[in-house]
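The structure appears right after this line, and notes come after that.
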Amino acid sequence: MWDAIAQLVNRVRAAAGEHELVACGVGCGGPMSDEGDKVSNLHIKEWSDFPLRSSLSKLTGLPTFVDNDAKAVVLGETWCGAAVGHRDVIGMVVSTGVGGGIICDGRLLDGDTGNAGHIGHVNVVPNGRECKCGSRGCLEAVASGTAIAAMTGRPAAEASPTIVEQTGTYVGRAVASVAALLDLRLAVIGGSVALGFGEPFFRAAQAEVDRYARIKFVRGVQVRPTGLGGDAPLIGAAAVARRHIS
């Protein structure tokens, strides 16, 4: 895994040509230690406390900044995507796993260890399927690409309309809870599962939000696809670096 990343980074550096490179930004699945000094991505079993930030800094010779991939997405979306102008928003990645990042009062929430916003481990099905984190009924255990494949025996890309709707419903349920907790008005969602499922997924998610976000201050919370589409993770990684050097 590291060799593949190193080769990609070197190709990107070569393609930069005469442009001055000032920093390296990274979005990575968590959990991770503060500032990404060590990452333990649940879906890359070989990476346990892997020193991603120092390894990339050594490779590039640049100041390097690492954050959760979904936190990176929400930074990118508020910078130049579907959440421009919003000061209270959650960004989500529904893909191999499920992650989240939260902008509150215009600031990215980090939390004690840098893992704030991890909506994938909000419980949406009490006593539900076992999650890789060790708990049961987490959103990631029922709505991620990995979970869908395990439950159906087919890749998420081949999911039935019923599974697509069910996945959107679970995501909407989690969004409604987080919106009430943090007084959010918008959820922007990307990732291969969410974007691949498309309009039926987003319709189901919005319907579940409307059903459960009933207290006055969260009525009307909107669920939207990422404005940056499939490029959201990469632009988000750039936004991570931008956040630290600006």
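Every number here is computed from the coordinates shown, using simple stated rules; none is lab data. Not measured: the values here are computed from a predicted model. When we count neighbours, we look across all protein chains shown, and the Cβ atoms used for this are built from the backbone with ideal geometry, even at glycine.
A compact table of results
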{"item": "Cα-only Debye scattering, region 85-227: base-10 log of I(q)/I(0) at q = 0.11, 0.13, 0.15, 0.20 Å⁻¹", "result": "-0.36, -0.50, -0.67, -1.20"}
{"item": "Sites ALA16 and ILE44 - FRET efficiency at Förster radius 25 Å, r taken between beta-carbons, to 0.05", "result": "0.40"}
{"item": "Amide proton proximity set for ASN68, modelled H, under 5 Å, gap of 5+", "result": "CYS28"}
{"item": "Distance cut-off 19 Å, percentage of C-alpha pairs in region 116-200 lying past it", "result": "36 percent"}
{"item": "Kirkwood hydrodynamic radius over Cα pairs of region 184-246, then Stokes diffusion coefficient at 10 °C and 1.306 mPa s, in µm²/s", "result": "120 µm²/s"}
{"item": "Between region 118-138 and region 1-40, the Cα center-to-center distance that results, in Å", "result": "30 Å"}
{"item": "Using distinct alpha-carbon pairs, which all enter the 1/r mean, Kirkwood radius of the chain in Å", "result": "18.2 Å"}
{"item": "Bridge type composition, the chain - antiparallel percent by DSSP, nearest 5", "result": "45 percent"}
{"item": "Given 13 as the ceiling on other Cβ atoms within 10 Å, longest exposed-site-free region of the chain for GluC sites (Glu not before Pro) in DSSP loops", "result": "47-246"}
{"item": "GNM flexibility winner over the chain from ARG136, ARG11, ARG87 (Cα, springs under 10 Å)", "result": "ARG11"}
{"item": "Lys/Arg +1, Asp/Glu -1 at C-beta; region 85-227 dipole; positive extreme among GLY153, GLY100, ALA174", "result": "ALA174"}
{"item": "Cα pair distances of region 1-100 binned at 5 Å [whole percent]", "result": "3, 12, 19, 21, 20, 15, 8, 2"}
{"item": "Antiparallel bridges, percent of DSSP beta bridges restricted to region 85-227 (to nearest 5)", "result": "55 percent"}
